[in-house]
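For reference, the structure is listed below as structure tokens.
The values are calculated or read from the model by the stated rules, or taken from the named source; none is laboratory data. Predicted model, so just to flag it, every value in this text is computed and none were measured. Reconstructed Cβ throughout: ideal geometry from the backbone, glycine too, with neighbour counts over all protein chains shown.
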Amino acid sequence: MVVRTWRHINERYNLIGTRCKTCGTVYFPSRNVCPKCRRRGELEPYKLSGKGKIYTYSIIYTPPKDFEKMAPYVIAVIELDEGPKLTAQVDCDINEVYIGMPVEVAFRRIKEDGKDGVISYGYKFKPIEEL
């Protein structure tokens, strides 16, 4: 049996979800069954644009272990342009964040693990400059 590590999960490094061929609904993370039309086998991989807006957010002043150096930081629920919502850190000034702020995905360092300092990477979001 091959051990599947978190590095092999598409959702960790890419915003790849699924789209229902029947109703067009996009899901992230991936699903095997569409809850709307309940049809099996009608879902296909779908690469999300990575653009969206802040649906709601919180500023973390007292972080969990391994995130102390980053505090304070913004954690938000991002509503992607395609519809799914996901939770992620937002790289921005805590005094400038607001609900509805346009953001885009960015591949960033998330944290260091353990005494060896193994660096974990993944997605965060950053503000998009409005024209």
Filter result for Y98 (closer than 25 Å to P127 by Cβ, in contact with a Pro (Cβ under 8 Å, 6 or more places away or on another chain), aromatic (F, W, Y) and modelled with pLDDT of 95 or more)
no
Selected residue (only one of S49, S30 is without any contact (Cβ under 8 Å) to a residue 24 or more places away in the chain and of a type in the set (S, T, N, Q))
S30
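To keep it simple, each residue is scored yes or no on (1) surrounded by fewer than 13 Cβ atoms within 10 Å (Cβ to Cβ); (2) touching a Leu at 6+ places or on another chain (Cβ under 6 Å); (3) of a type in the set (A, V, I, L, M); (4) over 20 Å from E129 (Cα atoms).
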| residue | (1), (2), (3), (4) |
| --- | --- |
| Y57 | no, no, no, no |
| I60 | no, no, yes, yes |
| P64 | yes, no, no, yes |
| I75 | no, no, yes, no |
| P84 | no, no, no, yes |
| N95 | yes, no, no, no |
| Y98 | yes, no, no, no |
What number of residues in the range 49-102 are aliphatic (A, V, I, L, M) and farther than 19 Å from Y27 by Cα?
11
